[in-house]
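Taking it in order: structure first as structure tokens, then the write-up.
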Amino acid sequence: MDYQKIIVDRPASGVQRITLNRPDKRNPLSNELRSELFDALERADVDDEIGCTIIRGAGSCFSAGYDLKSDTSRDQPFHTAKGIGNWPRHVVEGFLRMWDLAKPVIAQVHGFCLAGGTELATACDLVYVAEDAKIGYPVVRSISPPDNQFYPWIVGLRRAMELMLTGDAMSGIEAAQCGFANRAFPVDELESRVLEIAVRVAKVPHDVQQFNKRAVHRQMEIMGIRAGIRAGTEMQALATFTRTAQTTFAEMRKGLTEALTKRDQEFGDYRTSKKS
């Protein structure tokens, strides 16, 4: 396929690798990019030569989130019922499309993994991160909880509450410690270590592996993860009608960079950190 926003290669036998390829913008997840991503994942799911897929980002980071300069209601990669809450419901349906794939998907995370980037990573079956990665959901500071409210399920009550009430980022090491990621590696080892794991995953016969993956998911579903995350979309949609969220949207329309800088400047992180 002639993709414009992603690069697809096969770095080892049985392994497909998808690179989000908008490094100049920190790999924002536009609907065009997401359409290509889902197409590549679904093609791999019926390709007998592929046993698993790695998703990574080009340039300095995995992904800084959804493309806030685009109209997310247009050209969505698959149909989601319109009306209030269309976007969070659409995002969750995408999460579940990946969840329901027969073949495993691995996230390889370095640099920033923010907002929609975290939602993409958690949709993967395995997550490996650079030790110095920055993983967070700063949107909670001025607009709403996540579209996909995975935090309580993935990291537990107390850590989820801290992340939700501050919008602070975790390092890769912290992400592995709390369960967001499987393991953290030094950034210069991340690619080779992830590929080693992907090769091992791909060695398991596909007809067996699909049941291994589903066996874990079914236990989570019995505990309510599918219904819980779907219910969370209504809370996200409601939150966007607060006075603060509406003010933030107006500021973003005037100038996105300025609005995001204003959001984070009192916290001194993300785009306002001295290191940045």
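No lab work stands behind these numbers, since they all come straight from the coordinates. Keep in mind the model is a prediction, meaning the values are calculated, not measured. Here Cβ is always computed from backbone atoms with ideal geometry, including for glycine, and neighbour counts include all displayed protein chains.
Computed values, structure above
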quantity: Lysine pairs with alpha-carbon atoms under 24 Å apart, the chain, spacing 8 or more or separate chains; calculated: 23
quantity: Helix-derived mean residue ellipticity, 222 nm - over the chain, DSSP H n ≥ 4, -39500 (n - 2.57), to 500; calculated: -14500 deg cm²/dmol
quantity: Cubic angstrom per residue, convex hull over Cα atoms of region 185-258; calculated: 191
quantity: Per-pair calculated FRET efficiency, R0 = 25 Å: Met164 and Gln265 via Cβ, rounded to 0.05; calculated: 0.80
quantity: Mean separation of Cα contacts under 8 Å (6+ apart) over length of region 69-186, as relative contact order %; calculated: 24
quantity: Extension gain (nm, one decimal) between Ala215 and Lys82, 0.36 nm per residue minus Cα-Cα; calculated: 44.6 nm
quantity: Cleavage-rule hits (trypsin sites (Lys or Arg not before Pro)) in region 73-172: DSSP loop, at most 15 neighbouring Cβ within 10 angstrom; calculated: Arg74, Lys82
quantity: Cleavage-rule hits, trypsin sites (Lys or Arg not before Pro), region 196-276, DSSP coil, Cβ neighbours within 10 Å at most 15; calculated: Lys274, Lys275
quantity: Rg over Rh [alpha-carbon atoms, Kirkwood Rh] for the chain; calculated: 0.94
quantity: Region 205-266: chymotrypsin sites (Phe, Trp or Tyr not before Pro) in DSSP coil with no more than 15 other Cβ atoms inside 10 Å; calculated: Phe241
quantity: Inter-part distance where region 150-210 and region 35-112 are each reduced to a Cα centre, Å; calculated: 17
quantity: Descending semi-axes in Å of region 1-111, equivalent ellipsoid built from Cα gyration tensor; calculated: 23, 18, 11
quantity: FRET efficiency estimate (nearest 0.05) - Cβ-Cβ, Asp132 to Arg10, R0 45 angstrom; calculated: 0.95
quantity: Helical segments meeting 20 Å axial Cα length and Kyte-Doolittle 1.0 threshold in the chain (DSSP H); calculated: none
quantity: Sorted largest first, extent of region 129-221 alpha carbons per principal axis (Å); calculated: 46, 36, 20
quantity: Mean Cβ neighbour count within 10 Å, used as a protection proxy, ranking 53-60, 186-193 highest first; calculated: 53-60, 186-193
